[in-house]
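Below is one structure. I have some questions about it.
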Amino acid sequence: MATSVGLDDAWLRRGLRRSLTIPLYAVGWAVALLLAPFAAVELALGAGVAARLALFGAVFLSYEMVGLAAALWLWITLRANDQAAHAALRRWWACGLFRAAARVFALELEVAGDDAAEPGPVVVLVRHASLADTLLPEVVLAGRHGLRLRYVLKRELLFDPCLDVVGQRLRCAFIRRGSGESERAASAALGRDLGPDEGALIYPEGTRATAEKRARALERLAASGQAERLTRARALRHVLPPRTAGSLALLEAAAPADALLFAHTGLEGLATLRDLLSGGIVGRRIRVKLWRTPRSVIPRERAAAVRWLDEEWARVDKWIDAARPAPASP
């Protein structure tokens with residue numbers, strides 16, 4: 001009975017959420033299509049970032065509506081459980097959105113270590129800098145290498161209708177951050193039975209890095225008495241110390257998959273609409289660095305595995321420091 005009630009509650013929450021988000025996105029799409037021609041003209045005349053944002057908003061909402069229509073068609077044709085079809089739909093959505101963003105905002109993408117992505121299976125450990133970096137793994141790993149990715153994502157992303165509908169038909173885990181044992185269990189479930197063309201992906205930091213979040217992370221480590229981890233964390237400049245529970249649960253469950261580190265820079269400081277309106281996104285160069293750690297060198301004992309993860313994250317931090325452009329001279 002408890003399971004039935006829990007399932008009914010989940011269906012109710014899902015239905016209520018979609019009854020809000022899908023009509024809201026549809027109305028936004030209609031408005032965006034009306035404004036798009038004016039934004040395109042302003043952009044051609046050299047207008048500022050607001051016109052770029054309006055134009056990209058129309059493209060984004062168009063991809064949302066087409067994606068939802070495709071998902072509905074798959075359901076009507078009794079293919080709601082077709083993993084390959086939904087993975088292809090997600091790849092089309094993410095790669096198309098990134099191409100549009102690159103054109104509208106004059107972005108460049110540079111990938112080093114591309115050959116490390118294959119073969120699968122792999123556990124992908126990704127640096128988290130902004131909302132936009134949720135597209136990068138799909139563009140680089142699925143778009144270029146055909147990897148079908150299973151994602152550990154925060155529950156707030158369910159308010160994107162396409163991610164909600166398509167993501168929940170695929171093997172993805174939408175978790176509440178800091179949910180403890182349920183987070184570990186959900187992460188471990190994604191790591192099991194990975195095929196040779198698959199990867200399981202997690203953001204070890206759990207949230208976007210800011211100075212305030214870094215201070216809170218250091219406070220937690222200090223309060224927990226983890227002196228060695230605290231020392232290592234204090235040396236980090238650009239990333240947060242990794243949260244170990246979900247990442248290590250995923251790595252353990254995914255054996256014998258290798259670990260694939262996915263570092264990137266160029267999307268920092270884009271957490272809010274105000275950040276985007278400042279124009280800082282225009283003309284950015286996004287650099288990605290991939291490297292692979294064989295399963296044979298990843299420790300099994302927990303303390304050693306935590307140290308290994310911290311050391312890999314320190315390597316991410318050092319790479320970001322070297323890859324970021326030097327500040328302009330006064």
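The values are calculated or read from the model by the stated rules, or taken from the named source; none is laboratory data. Only a predicted model underlies this, so the values are computations on that prediction, with no experimental measurement involved. Counting neighbours? That spans all protein chains shown, and the Cβs are built from the backbone with ideal geometry, glycine included. The accessibility values were calculated without ligands, DNA or RNA, using every heavy atom of the protein model including side chains. Shrake-Rupley method; radii C 1.70, N 1.55, O 1.52, S 1.80 Å.
What are the residues whose amide H is under 5 Å from the amide H of V111, where those residues sit 5 or more places off or on another chain and H is modelled from the backbone?
V288
Next question, about the same structure. Under the 0.36 nm per residue contour assumption, what length would be gained going from the current alpha-carbon distance of L20 and Q168 to full extension? Before the final figure, lay out each step's value.
Values: separation 148, 0.36 × 148 = 53.28 nm, distance 1.73 nm.
Residue separation times 0.36 nm, minus the Cα-Cα distance, leaves 51.5 nm.
Give the residue from W75, L261, W319 lying farthest towards the positive end of the charge dipole for the chain; charges sit on Cβ (+1 for Lys and Arg, -1 for Asp and Glu) and the dipole is referred to the Cα centre.
Going by the charge dipole, the pick is W319.
Now for a separate question. Mind checking which of T207, P121, W29 is farthest towards the positive end of the chain's charge dipole, using Cβ charges of +1 (Lys, Arg) and -1 (Asp, Glu) about the Cα centre?
Farthest towards the positive pole: T207.
Using a 7 Å offset from the Cα along the Cα-to-Cβ direction at both A88 and S224, what is the distance between the two label points in nm, to one decimal?
Computed distance between label sites A88 and S224 equals 4.3 nm.
Simple spin-label model, 7 Å along Cα-to-Cβ: T210 to A235 in nm?
For T210 paired with A235, the spin-label model returns 2.8 nm.
Could you derive backbone 3J(HN,Hα) for segment 102-116 from the dihedral phi with the Karplus parameters 6.51, -1.76 and 1.60 (θ = phi - 60°), listing whole Hz in sequence and x where the residue is Gly or Pro?
Residue by residue, segment 102-116 yields 4, 6, 5, 9, 6, 8, 10, 10, 10, 10, 10, x, 4, 5, 6 Hz.
Between L157 and H145, what is the label-point separation in nm under the 7 Å Cα-to-beta-carbon projection?
Using points 7 Å along Cα→Cβ, the separation is 1.8 nm.
Oh, and also: Could you check which residue among E301, E110, E42 shows the biggest mean-square fluctuation in a GNM of the chain with a 10 Å Cα cutoff?
Per the Cα network of the chain with a 10 Å cutoff, E301 tops the list.
Once the whole set of protein chains is in place, how much accessible area is left on S278, using a 1.4 Å probe, in Å² to the nearest 10?
Roughly 90 Å² of S278 is accessible to a 1.4 Å probe.
What lysines could a cross-link reach from K213, if we take a straight Cα to Cα line under 21 Å and drop same-chain neighbours fewer than 8 places away?
Cα-Cα hits under 21 Å: K154, K318.
Continuing with this model, one more query. Take the Cβ-Cβ distance between V31 and D114 as r, set R0 to 51 Å, and report the resulting FRET efficiency rounded to the nearest 0.05.
Details: r = 39 Å, r/R0 = 0.77.
Using R0 = 51 Å, I get an efficiency of 0.80.
Residue by residue, what Karplus-based ³J(HN,Hα) values in Hz, rounded to whole numbers, does segment 20-28 have, using 6.51, -1.76 and 1.60 with θ = phi - 60° and x for Gly and Pro?
Once θ is set to phi - 60°, the couplings for segment 20-28 become 8, 6, 5, x, 5, 5, 5, 5, x Hz.
Any chance you could run the full-extension gain for A185 through A69? It's 0.36 nm times the residue separation minus the Cα-Cα distance, nm to one decimal.
38.5 nm
Let me ask something else. Quickly estimate the mean residue ellipticity at 222 nm for the chain, helices only: each DSSP H run with n ≥ 4 gives -39500 (n - 2.57), and the total goes over all residues, rounded to 500.
Numbers: 10 runs with 172 residues, N = 330.
That calculation yields -17500 deg cm²/dmol at 222 nm.
Whole-Hz ³J(HN,Hα) for each residue in segment 287-298, computed from phi via Karplus 6.51 cos²θ - 1.76 cosθ + 1.60 with θ = phi - 60°, x for glycine and proline: what do you get?
Each residue's phi maps through the Karplus curve to give 10, 10, 10, 10, 8, 10, 10, x, 4, 5, 9, 7 Hz.
Let me ask something else. For R150, enumerate residues with amide H under 5 Å from its amide H, sequence gap 5+ or separate chain, H modeled in the peptide plane.
Placed amide hydrogens put G199, A200, L201 under 5 Å from R150.
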